[in-house]
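Take a look at the structure set out below.
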Protein chains: 2
Amino acid sequence: MKKVKRTTIYDIAEKLGITASSVSRALNNSNQVNEKTKELIIKTADELNYKRNTLASNLRKGQSKTIGVVIPRINQNFFSNVIAGIEEVTYQKGYSLIICQSDEDHDKEIQCVNTLINQHVDCIVISVSADGNDYQHLQNVLDHGIQLIQVDRVAEELETLKVINDNVQASYEAVSHLIEGGYKRIALLEGPQNLSIFKQRKEGYLKAFKAYNVPVIEELIVENAWTKELGAEGTRKLLSLPHPPDAIFASTSDFSALGVLDVANAMGIKVPSQLGICGYANESFSEITSPSITTIDQFSVYMGNTVANLFFQEIGNNDTITKPKIISIKPELIIRGSTKRNG
Amino acid sequence: MKKVKRTTIYDIAEKLGITASSVSRALNNSNQVNEKTKELIIKTADELNYKRNTLASNLRKGQSKTIGVVIPRINQNFFSNVIAGIEEVTYQKGYSLIICQSDEDHDKEIQCVNTLINQHVDCIVISVSADGNDYQHLQNVLDHGIQLIQVDRVAEELETLKVINDNVQASYEAVSHLIEGGYKRIALLEGPQNLSIFKQRKEGYLKAFKAYNVPVIEELIVENAWTKELGAEGTRKLLSLPHPPDAIFASTSDFSALGVLDVANAMGIKVPSQLGICGYANESFSEITSPSITTIDQFSVYMGNTVANLFFQEIGNNDTITKPKIISIKPELIIRGSTKRNG
DNA sequence: CTGAAAGCGCTTACAG
DNA sequence: CTGAAAGCGCTTACAG
């Protein structure tokens, strides 16, 4: 690649016999510059194929107009939808997005966050990785005066802006739906309990039992079943119990619910008549399986929109101290074939 | 958010009674600085919670260590996989990724590209939108001395680095598979022909007919059927023909193949016995449908890896002129239930 | 090994 | 409305 000398405002100024100050003003559409010269400057800039150096501009202005996003995996529907939702809003405001994936690795997450601090991003949006629960690196973000917005998977103890789902309520509704459908032995596939979202989903599960006065059966609660493989593994264990469950709430994700369905199909167990299945997240595939999977829609794109709007609202806000705002989005239970026993 | 004065190298220098030059050198691990002072500087930087301002550093060095990516949609499996693949490699080299989505809109694509030029990214990776075939904005990238790598959906006429699939070969194999499976009337759902990938897939389709000496039936070729909805619509038309097809190659995507499957299911047409279906892209859901869908795996994550590696290889290369390199990745036909007529 | 100085490309308070 | 000048935070060729 050959090095190209780029046009700067000095080149334009020189060509027109004026100063860079005026050029800068004109290109920023300041009204304290003569209309005619402004036009001339813009025209010349265009002719010389001038592109502003955002780096220099931002350095001078002490901002970066950039938002950093740290998520566990880009290529997971929920997260890519959140990103798409953020991008929709930020793009219009002239902000760029820098994306990092932590790969569910706490150390990489720390590295990502540090890189973003170095980049002097104006805001960091994060969904924490499952592994690790030391949040010094996030405190560090705040200490640098960078806006921090947590989304979905949040470190609860950190007082920051948060955009979350009402996981308790959603799980409560899902399990209630199963109970009302006549399922008697409802198992839970739970996720890593250091993540509050998974704790809350368990809480919703337990709450439903209490509300309907149904006793909780401890042996039907399976730890750490939060991938398709682990979900399948947990299901095999559950179904080989002397008293197997007649429904499974895969609270961690639809991936794990898919593992359940696979095992059920492989064992010739009929869904939903012999086994009800409910997932979480409304991944696109959950509609396509046979039977389709009952799940919970988190409005992921909308969550992304909300994150972005929250950021812009906050920067418009000149209070010296940001009160920790938490926006909780109510998810929606989507009832599909995998739990429709009657009808 | 309160404004925080960040620690700079001057703060460190002042505290230690030395100059910023030395601090800079130490923090860049230069070996022309006393080992002991270096240690002291690093320790002090740590104590003062110093973070380098990458903006300033990059401005000075005339590089940004940033790669811009423009894709039609972030939340589409293929593209998010490509991004994940790029990120895997660039992250390790200390490069950041700025992501923009064009929403399949040519004007937005131009805006995205211009924003990235303004950001002085070192490289732009693009998969062009379907709409529009004027590539002045991409020429402009080259004119600014920015590396341009096209991936998957490429503007053929532009001589740049490209990472693509062998679409002709893949389609040829898919259609050959259908012919050998005994399907006699094989329809084609084609995509916008201004995108070369879709032209090539059609070419592969035609090539297979020629190889097997089967006449092409024009009425079985459906234009612009490249979404689930358009695929379904095209299928309805095809199946209501006096001589309907007994197989459909949804060359545009698995989404379109899914549309075919939905219509077939709704009409009570048995897949694969009465109708064979082949999709494209190996989206995760194609494995889950009933029957599962035969498709073509493009190794999307690997394509992303390749893009990144190509970039790093090129910047290591000091030739004044970059020869347009094209890396073609051979996709793989994945045979599944939707075309397994015998067995 | 260390410092003084210039400069990356822009913006903006100050003067006129 | 326009200019001269300083400065954002860093890096680096030059001198010693």
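Go through segment B:168-182 and give me each residue that's in contact (Cβ under 8 Å) with a residue 40 or more places away in the chain and under 19 Å from B:I296 (Cα atoms). If you could, list the steps in order and put the result at the bottom.
Initial filter on segment B:168-182 (in contact (Cβ under 8 Å) with a residue 40 or more places away in the chain): B:169-171, B:173-175, B:177-178, B:181-182.
Passing the criteria: B:Q169, B:A170, B:S171, B:E173, B:A174, B:V175, B:H177, B:L178, B:G181.
Can you tell me which residues in segment B:1-15 are of a type outside the set (K, R) and either under 30 Å from A:F312 (Cβ atoms) or surrounded by fewer than 16 Cβ atoms within 10 Å (Cβ to Cβ) (or both)?
Within segment B:1-15, the subset of a type outside the set (K, R) is B:1, B:4, B:7-14.
Once the filter is applied, which keeps residues that are of a type outside the set (K, R) and either under 30 Å from A:F312 (Cβ atoms) or surrounded by fewer than 16 Cβ atoms within 10 Å (Cβ to Cβ) (or both), segment B:1-15 yields B:M1, B:V4, B:T7, B:T8, B:Y10, B:E14.
Please specify each residue of segment A:101-128 satisfying the condition of being open to solvent by less than 10 Å² (accessible area, probe 1.4 Å) and hydrophobic (A, V, I, L, M, F, W, C). Give the derivation first.
Filtering segment A:101-128 for residues open to solvent by less than 10 Å² (accessible area, probe 1.4 Å) gives A:101-102, A:109, A:112-113, A:116-117, A:121, A:123-128.
Of everything in segment A:101-128, those that are open to solvent by less than 10 Å² (accessible area, probe 1.4 Å) and hydrophobic (A, V, I, L, M, F, W, C) turn out to be A:C112, A:V113, A:L116, A:I117, A:V121, A:C123, A:I124, A:V125, A:I126, A:V128.
Just one of A:V141, A:V121 is in contact with a helix residue (DSSP H, G or I) (Cβ under 8 Å, 6 or more places away or on another chain) and within 11 Å of chain B (Cβ to nearest Cβ); which is it?
A:V141
Out of the residues in segment A:129-152 that are open to solvent by less than 20 Å² (accessible area, probe 1.4 Å) and assigned to a loop (DSSP other than H, G, I, E, B), which is farthest from A:V70 (Cα to Cα)?
So the residue we want is A:H144.
Provide a single number: the residues in segment B:51-65 that are of a type outside the set (S, T, N, Q) and not in a helix (DSSP H, G or I).
First, pick out the residues of segment B:51-65 that are of a type outside the set (S, T, N, Q): B:51-52, B:55-56, B:59-62, B:65.
Add one more test, that the residue is not in a helix (DSSP H, G or I), and what stays is B:51-52, B:62, B:65.
Counting residues in segment B:51-65 that are of a type outside the set (S, T, N, Q) and not in a helix (DSSP H, G or I) gives 4.
Considering every residue within segment B:140-151, establish whether at least one is farther than 30 Å from B:R60 by Cα and at pLDDT 90 or above. Spell out how you get there, then give the answer.
As a first pass, look at segment B:140-151 and keep what is farther than 30 Å from B:R60 by Cα: B:151.
Filter once more, keeping what is at pLDDT 90 or above: B:151.
The answer is yes; a qualifying residue exists.
Across segment A:7-20, what is the total count of residues that are assigned to a loop (DSSP other than H, G, I, E, B) and within 13 Å of DNA strand C (Cβ to nearest atom)? Walk me through how you get there before you give the answer.
Residues of segment A:7-20 assigned to a loop (DSSP other than H, G, I, E, B): A:7-8, A:17-19.
Retained after the next criterion (residues that are within 13 Å of DNA strand C (Cβ to nearest atom)): A:7-8, A:18-19.
Number satisfying all stated conditions: 4.
Would you check if there is a residue in segment A:100-113 being β-branched (V, I, T) and more than 16 Å from DNA strand C (Cβ to nearest atom)? Before you say what the answer is, go through the steps one by one.
Here is the first cut: in segment A:100-113, the ones β-branched (V, I, T) are A:110, A:113.
Remaining after also requiring more than 16 Å from DNA strand C (Cβ to nearest atom): A:110, A:113.
For segment A:100-113, residues β-branched (V, I, T) and more than 16 Å from DNA strand C (Cβ to nearest atom): present.
Scan (1) of a type in the set (S, T, Y); (2) not assigned by TED's automatic domain parsing to the domain that holds A:N140; (3) not in a loop (DSSP other than H, G, I, E, B) for the single condition A:Y91 breaks and write down its number.
Checking A:Y91 against (1) of a type in the set (S, T, Y); (2) not assigned by TED's automatic domain parsing to the domain that holds A:N140; (3) not in a loop (DSSP other than H, G, I, E, B), the one that fails is (2).
Hey, among B:A308, B:A257, which residue is modelled with pLDDT of 95 or more, of a type outside the set (D, E, K, R) and outside the structural domain of B:N224 (by TED's automatic domain parsing)?
Details: B:A257 fails: outside the structural domain of B:N224 (by TED's automatic domain parsing).
Selected residue: B:A308, the only one of B:A308, B:A257 that is modelled with pLDDT of 95 or more, of a type outside the set (D, E, K, R) and outside the structural domain of B:N224 (by TED's automatic domain parsing).
Search segment A:28-58 for residues being within 14 Å of chain B (Cβ to nearest Cβ) and in contact (Cβ under 8 Å) with a residue 24 or more places away in the chain, and hand back the single one that is farthest from A:I12 (Cα to Cα). Quick ask: steps written out before the conclusion?
First pass over segment A:28-58, keeping only residues within 14 Å of chain B (Cβ to nearest Cβ): A:28, A:45-58.
Checking the rest, the ones that are also in contact (Cβ under 8 Å) with a residue 24 or more places away in the chain come to A:45, A:48-53, A:58.
Working: A:A45: 6, A:L48: 8, A:N49: 10, A:Y50: 8, A:K51: 11, A:R52: 12, A:N53: 14, A:N58: 20 Å.
Within segment A:28-58, the match that is farthest from A:I12 (Cα to Cα) is A:N58.
In segment A:153-167, which residue that is open to solvent by 10 Å² or more (accessible area, probe 1.4 Å) and farther than 19 Å from A:Y302 by Cβ is nearest to the other protein chains (Cβ to nearest Cβ)?
Checked segment A:153-167; the qualifying residue nearest to the other protein chains (Cβ to nearest Cβ) is A:E159.
Name the single residue, out of those in segment B:87-96 being surrounded by 23 or more Cβ atoms within 10 Å (Cβ to Cβ) and facing chain A (nearest Cβ under 8 Å), that is farthest from A:V82 (Cα to Cα).
Initially, segment B:87-96 is screened for residues surrounded by 23 or more Cβ atoms within 10 Å (Cβ to Cβ), giving B:87, B:90, B:96.
Next, from what is left, pick out any that are facing chain A (nearest Cβ under 8 Å): B:87, B:96.
On the way: B:E87: 18, B:S96: 19 Å.
So the residue we want is B:S96.
Determine whether segment B:60-76 contains at least one residue that is more than 14 Å from chain A (Cβ to nearest Cβ) and within 16 Å of DNA strand D (Cβ to nearest atom).
No, every residue in segment B:60-76 fails to be more than 14 Å from chain A (Cβ to nearest Cβ) and within 16 Å of DNA strand D (Cβ to nearest atom).
Of all residues being surrounded by 19 or more Cβ atoms within 10 Å (Cβ to Cβ) and part of a loop (DSSP other than H, G, I, E, B) in segment A:21-50, which is farthest from DNA strand D (Cβ to nearest atom)? Just the residue, please.
A:Y50
Quick one: which of B:Y205, B:Y172 is of a type in the set (F, W, Y), away from chain A (no Cβ under 14 Å), open to solvent by 10 Å² or more (accessible area, probe 1.4 Å) and not in a strand (DSSP E or B)?
Values: B:Y205 fails: open to solvent by 10 Å² or more (accessible area, probe 1.4 Å).
That would be B:Y172, the only listed residue that is of a type in the set (F, W, Y), away from chain A (no Cβ under 14 Å), open to solvent by 10 Å² or more (accessible area, probe 1.4 Å) and not in a strand (DSSP E or B).
Within segment A:285-307, track down each residue that is buried (at least 17 other Cβ atoms within 10 Å of the Cβ) and either aromatic (F, W, Y) or in a helix (DSSP H, G or I) (or both).
A:F285, A:S286, A:F299, A:S300, A:V301, A:M303, A:G304, A:N305, A:T306, A:V307
Can you tell me which residue among B:V260, B:V271 is more than 28 Å from the chain's Cα centre (by Cα), within 14 Å of chain A (Cβ to nearest Cβ) and within 23 Å of B:E173 (Cα to Cα)? First the steps, then the outcome.
On the way: B:V260 fails: more than 28 Å from the chain's Cα centre (by Cα).
Answer to the check: B:V271.
Looking only at segment B:24-38, which residues are more than 9 Å from DNA strand C (Cβ to nearest atom) and modelled with pLDDT of 90 or more? Lay out the reasoning, then the answer.
From segment B:24-38, those more than 9 Å from DNA strand C (Cβ to nearest atom) are B:27-29; that's our starting set.
Residues satisfying the conditions are B:L27, B:N28.
The values are calculated or read from the model by the stated rules, or taken from the named source; none is laboratory data. Since the model is a prediction, treat every value here as computed from it, not as a measurement. Glycine also receives a Cβ, built like all others from the backbone with ideal geometry; neighbour counts cover every protein chain displayed. Side chains are part of the model used for accessible areas, which takes the heavy atoms of the whole protein and leaves out ligands, DNA and RNA. Shrake-Rupley method; radii C 1.70, N 1.55, O 1.52, S 1.80 Å.
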